[in-house]
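Here's the structure, in structure tokens; my notes come after.
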Amino acid sequence: MRELNQAQAARYREYRAFVNELVTPRADQMDAEQRTPEDILEALANCGYLGGCIPAEYGGSASDALSYGLLCHELGRGSASLLSLLTVHGMVSASILKWGSDEQRATYLPRLARGELIGAFAVSEPEVGSDAQLVGLRAVEHGNAFLLSGRKKWISYAELAGLFLVLARTEAGPTAFLVERNRPGLSCTPIRGMFGFRAAMLGELKFDACRVQSSSMLGRPGLGFSYVGSSALDLGRFCIAWGAVGLAQECLDLSLSYSSRRKQGGSELANHQLIQRLVADMMTDVRAARALCLRAAELREERDPDSILETSIAKYFSSKIATRVANDAVQIHGANGVGPEFATQRHFRDARILEIIEGSNEIQQTVIAKAGYQSLHFREEST
Amino acid sequence: MSTSSESVQDIKTRTKDFLFRFVRKRNLADSDDFFASGMVNSLLAMQLVLFVEKEFGIKVQSEDLDLKNFRTVEAISGFVEKKRALG
């Protein structure tokens, strides 16, 4: 990528090597076994990648927004499940960094940075998805503690996480809590058989009068969604956007390689104009999505308020084209594309999940469209 | 550190310039509650945090998370003044 400075280019090479060596060769097996091996988690931790949102003073390796995007790109290229690990772990880490008390930061950030503790983001419920403000899990104040009751579902890496960022409803409204896995009254049931993200060790959490200290609250009561959840999801969308570009790039590369080898009608697929049409659209989509992600990274680095909308646009477009590109990759690979020996079918299944998580694409569309109308009104009234 | 009356006005002007991109009300008064009026979308809460942090060089932290600090131009200006005074 031409946009990278020397340090970013060096990191990008390192991330690529990591994924090529440790992730891609095992991603299909992880998908089939529906689990993430411990040694891969250890490798992510040892390389400092789990501390990518945490500054050095807490033992992390945070650098710049673009470098973090590149890491997401590469993990998305290798395994969307691992991308989701980095995403939710980063969302929890960044939320504690931004909204946590001094004690919460000191207690959790060094362990999250070292990967001793995995963070998971527990917002979705069996009956509450996109409209997280309607969260149903109750948190009832009880002395200097809260009793949490209810369920959370489809929580990525719930099976492994030692710390959950939980959105619950208090009398004041949606409120965020940090809940350690070993709290009495909290149990986790693994979820198997999902269409994609099959190695992401999803789980359903049950809170049965689970008692947490008031000091476990993250941020202020009633503002758990508008600030804590929103800023976490903003980071989540940034990760997913970059990861989607990585997934699409991998599908493009697989298609270029396969169509150069595979012969049909006496000639390589690459010589067939209808294949060339697919490849041209894939290349264009990937470049366009990457340009949006680069724009989002630039604005995030500047802490610009517009970064939120640009990240939403990048997530919407990148995940949409990831599905399109993966779909075309399956088509180019023919029967091989849907078989267990080729990764294209895994990428297609994972790409569909990218369109749903961290705010469904329909939510992104409504947010983007509203911003478009606001922009029109602003321009009309400024002239 | 105290803030001069000129800079208070400057904070309000810069805040209004930012808000006019999102709020369709050109005669926005300093005391208008733009959250209560439904004039804004769901992104604005976080956009305002990023705006005051970048524009005025302050850091919004958990203890500052109170919509009262962000509901009106007057409240934002008072909040920025307070944070600057605290250094």
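Assorted remarks:
- Against the criterion of being open to solvent by less than 30 Å² (accessible area, probe 1.4 Å) and in a helix (DSSP H, G or I), A:Gln331 does not qualify.
So that you can scan it fast, the table gives a plain yes or no per residue for (1) of a type in the set (Lys, Arg); (2) at positive phi; (3) open to solvent by less than 60 Å² (accessible area, probe 1.4 Å); (4) at pLDDT below 85:
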site: B:Ile11; (1), (2), (3), (4): no, no, yes, no
site: B:Arg26; (1), (2), (3), (4): yes, no, no, yes
site: B:Ser31; (1), (2), (3), (4): no, no, no, no
site: B:Glu53; (1), (2), (3), (4): no, no, yes, no
site: B:Ile58; (1), (2), (3), (4): no, no, yes, no
site: B:Arg71; (1), (2), (3), (4): yes, no, no, no
site: B:Ser77; (1), (2), (3), (4): no, no, yes, no
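- Options A:Val228, A:Val245, A:Val279; residue that is assigned to a helix (DSSP H, G or I), within 14 Å of chain B (Cβ to nearest Cβ) and aliphatic (A, V, I, L, M): A:Val228
- Residue in the stretch A:353-369 that is modelled with pLDDT of 95 or more, more than 14 Å from chain B (Cβ to nearest Cβ) and part of a helix (DSSP H, G or I) present: yes
- Residue check, A:Glu116 in a helix (DSSP H, G or I), among the acidic types (Asp, Glu) and more than 14 Å from every other protein chain (Cβ to nearest Cβ): no
- Restricting the stretch A:20-46 to residues that are among the hydrophobic types (A, V, I, L, M, F, W, C), out of contact with any Ser or Thr (no Cβ under 8 Å at 6 or more places or on another chain) and closer than 16 Å to A:Leu86 by Cβ, the residue that is most open to solvent (accessible area, probe 1.4 Å): A:Leu22
- Scope the stretch A:269-279; condition open to solvent by less than 50 Å² (accessible area, probe 1.4 Å) and more than 18 Å from A:Thr323 (Cβ to Cβ); matching residues: A:Leu269, A:Ala270, A:Ile275
- Set A:Glu301, A:Glu310, A:Glu250: member being within 14 Å of chain B (Cβ to nearest Cβ), crowded, with 19+ Cβ neighbours inside 10 Å and of a type in the set (Asp, Glu): A:Glu310
- Any hit, the stretch A:65-84, residues being part of a loop (DSSP other than H, G, I, E, B), open to solvent by 40 Å² or more (accessible area, probe 1.4 Å) and in contact (Cβ under 8 Å) with a residue 12 or more places away in the chain: no
- Residue match in the stretch A:211-219 (condition: open to solvent by 20 Å² or more (accessible area, probe 1.4 Å), within 13 Å of chain B (Cβ to nearest Cβ), in a helix (DSSP H, G or I) and closer than 21 Å to A:Ile357 by Cβ): no
- Conditions (1) open to solvent by less than 40 Å² (accessible area, probe 1.4 Å); (2) assigned to a strand (DSSP E or B): number failed by A:Ala158: (2)
- Check on A:Gly372, within 14 Å of another protein chain (Cβ to nearest Cβ), small (Gly, Ala, Ser) and in a loop (DSSP other than H, G, I, E, B): no
- Among (1) at pLDDT 95 or above; (2) open to solvent by 20 Å² or more (accessible area, probe 1.4 Å); (3) charged (D, E, K, R) - the single one A:Asp350 does not satisfy: (2)
- A:Gly265 being surrounded by fewer than 20 Cβ atoms within 10 Å (Cβ to Cβ) and small (Gly, Ala, Ser): yes
- Among the criteria (1) open to solvent by 40 Å² or more (accessible area, probe 1.4 Å); (2) assigned to a strand (DSSP E or B); (3) of a type in the set (Gly, Ala, Ser), the one A:Gly150 does not fulfil is (1).
The values are calculated or read from the model by the stated rules, or taken from the named source; none is laboratory data. These numbers were taken from a predicted model, which means no experiment stands behind them. Virtual Cβ from ideal backbone geometry, glycine too; neighbours counted across all protein chains shown. Protein only, heavy atoms only, side chains kept; ligands, DNA and RNA dropped before computing areas. Shrake-Rupley method; radii C 1.70, N 1.55, O 1.52, S 1.80 Å.
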